[in-house]
Amino acid sequence: MPKILISEKIDPICPRLFQEAGFQVEQKTGLAPEELADVIGGYEGLVLRSATRVTAELLARASALKIIGRAGAGVDTIDVPAATAAGVKVMNTPGQNANGVAELVFGLMFSLVRHLTRASSSLKEGRWEKNGLAGTELLGKTIGVIGYGAIGRRVGTMAKALGLTVLAYDPYLNDGQIQASGAVPAQPDEIYSTADFVTLHLPKTRETAGLIGAEVLGKMKPSACLINCARGGLVDEAALAEALGSGRLAGAALDVFAQEPPSADNPLLALPNFIGTPHLGASTAESQVNVARAVAEQMIAFFQTGALDGVVNP
Ligand SMILES: NC(=O)c1ccc[n+]([C@@H]2O[C@H](COP(=O)([O-])OP(=O)(O)OC[C@H]3O[C@@H](n4cnc5c(N)ncnc54)[C@H](O)[C@@H]3O)[C@@H](O)[C@H]2O)c1
């Protein structure tokens, strides 16, 4: 029976499903890269979340490895071309944490427009600041969604329910696929210049890194807010800090940063119209169970029947 290594903390349903299917499964968390390299040769499957880096060097030591299962969406910590070259499949669990991330997007949007984080801290500091903390409402506003996959679509559906107009851009979908969920297909420039909220739900790749920089920020309405719960590095943080500090942009919320955690001198952290969370998008009880179950079920099916559900390099 295949031997599986789980290299990170994960909901117990994951090892349990492997055991019930008769697999040998070992969970070794917190291994240093060289420790992982020393043991990886003994496993056919590797389950990870976002902390384990799979490099070409690690793959060179993984002589028995057939599949890497990412409990989650992003595979940017895995050298996928090197895995493909080594004949190793890479699998993720698309959509399993979409609702968790989408709900965080709305938490951040409500916090931005109603100044919730500032209001709560000032109340706890003994102030009663009704003046200066008046907000705006989401109803009737326009949200632009860049990347209309599992999370983007869930955001779109929730935005429609709250009475927002949804514009969506996704170069890999046709207009009919975007319209099917009630969104209006739009080009990026139309989104940047008309949306009250721009929210990012695309992967970080060589092409999309730095997508939102000074030029794009300059196209957005001064009253608009930017939300990034996708990946750090999609947004130029220095340019964003400049836009927020100068009043060029009303507000921004990031759940992901180019460097995580961000350094203490990151200029965003000092700005009152900026909200940050420590990469919490999928950190809900429900999402963690969903991804842990899905990665085990997909990997078991792969070994038992050759099924390629969730494989990103088929
Ligand atoms: N904050 C978190 O904790 C958290 C949790 C889960 C996922 N994520 C991130 O959210 C993002 C979306 O995840 P998902 O599950 O919806 O993935 P998904 O694959 O279902 O959707 C991504 C969409 O982006 C589109 N896309 C690719 N390149 C694009 C481009 N240049 N412009 C516009 N669209 C483009 C794709 O066609 C696809 O439809 C990923 O970056 C993922 O890493 C973050």
* To do: Would you mind getting me the FRET efficiency between VAL311 and ALA32? Use the beta-carbon distance for r and R0 = 35 Å, nearest 0.05.
  => 0.80
* Roughly how many nanometres apart are two label points built 7 Å out from the Cα toward the Cβ at ALA264 and GLU125? -> 1.9 nm
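At 1.4 Å probe size, with the rest of the protein present, what percent of the exposed accessible area of the range 128-237 is carbon and sulfur atoms? Don't jump to the answer; show the numbers that get you there.
Numbers: 2780 of 5260 Å².
About 53 percent, which is the carbon plus sulfur part of the accessible surface.
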* Structure fact -> Between the alpha carbon centres of the range 112-177 and the range 257-314 the gap in Å comes to 21 Å
* Structure fact -> The rounded separation in angstrom of the Cα centers of the range 208-246 and the range 43-92 is 31 Å
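Report for the chain the percent antiparallel among DSSP-assigned beta bridges with both residues inside it, nearest 5. Spell out each step's value before the answer.
Working: 1 of 39 bridges.
Bridges in the chain that DSSP calls antiparallel: roughly 5 percent.
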* Mean residue ellipticity (222 nm) of the chain, computed from DSSP H runs ≥ 4 via -39,500 (n - 2.57), nearest 500 -> -10500 deg cm²/dmol
* Asked: What ranking, highest mean first, results for peptides 176-183, 261-268, 121-128, 10-17 when packing means the other Cβ atoms within 10 Å averaged over each residue?
  -> 10-17, 176-183, 261-268, 121-128
* Asked: What's the carbon and sulfur percent of the range 16-67's accessible surface, probe 1.4 angstrom, rounded to a whole number?
  -> 46 percent
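Once you have the Cα-Cα distance between ARG53 and ALA285, take 0.36 nm times their residue separation minus that, and quote the gain in nm to one decimal.
Values: separation 232, 0.36 × 232 = 83.52 nm, distance 2.41 nm.
So the extension gain works out to 81.1 nm.
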* Distance in nm between pseudo-label sites at ALA64 and SER223 (7 Å out along the Cβ direction from Cα) -> 6.3 nm
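Where both partners of a DSSP beta bridge lie in the range 26-165, what percent of those bridges are antiparallel, to the nearest 5?
Working: 0 of 9 bridges.
Around 0 percent antiparallel, to the nearest 5.
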* Structure fact -> Distance in nm between GLU207 and ALA180 label points, each 7 Å along Cα→Cβ, equals 2.1 nm
* Structure fact -> As straight-line cross-link partners of LYS28, the qualifying aspartates and glutamates (C-alpha separation under 12 Å, not fewer than 8 residues apart within one chain) are GLU8
* Structure fact -> Going through LYS130/LYS160; LYS3/LYS89; LYS160/LYS204; LYS124/LYS221 one by one, the pairs whose alpha carbons sit over 22 Å apart turn out to be LYS130/LYS160; LYS160/LYS204; LYS124/LYS221
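Go through 150-162, 133-145 and give me the packing order, highest mean Cβ count within 10 Å leading. All intermediate terms of the calculation are to be shown ahead of the outcome.
On the way: 150-162: 21.5, 133-145: 16.8.
Final packing ranking: 150-162, 133-145.
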* Simple Cβ-charge dipole of the chain, Lys/Arg +1 and Asp/Glu -1, about Cα centre, in debye nearest 20 -> 540 debye
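Rolling a 1.4 angstrom probe over the protein heavy atoms, how many square angstrom per residue are accessible across the chain? Numbers along the way, then the final one.
Working: 14730 Å² over 314 residues.
Roughly 47 Å² per residue, with all protein chains present.
Beta carbons within 10 angstrom, averaged per residue: use that to sort the peptides 93-106, 21-34, 270-283, highest first.
On the way: 93-106: 21.6, 21-34: 13.9, 270-283: 17.5.
The densest-packed peptide leads the list: 93-106, 270-283, 21-34.
The values are calculated or read from the model by the stated rules, or taken from the named source; none is laboratory data. Given the structure is predicted, the values throughout are model-derived calculations rather than measurements. No Cβ is skipped: glycine too gets one built from the backbone with ideal geometry, and neighbour counts run over all protein chains shown. Remember, those area values only see protein heavy atoms, side chains included, never the ligands or the DNA or RNA. Shrake-Rupley method; radii C 1.70, N 1.55, O 1.52, S 1.80 Å.
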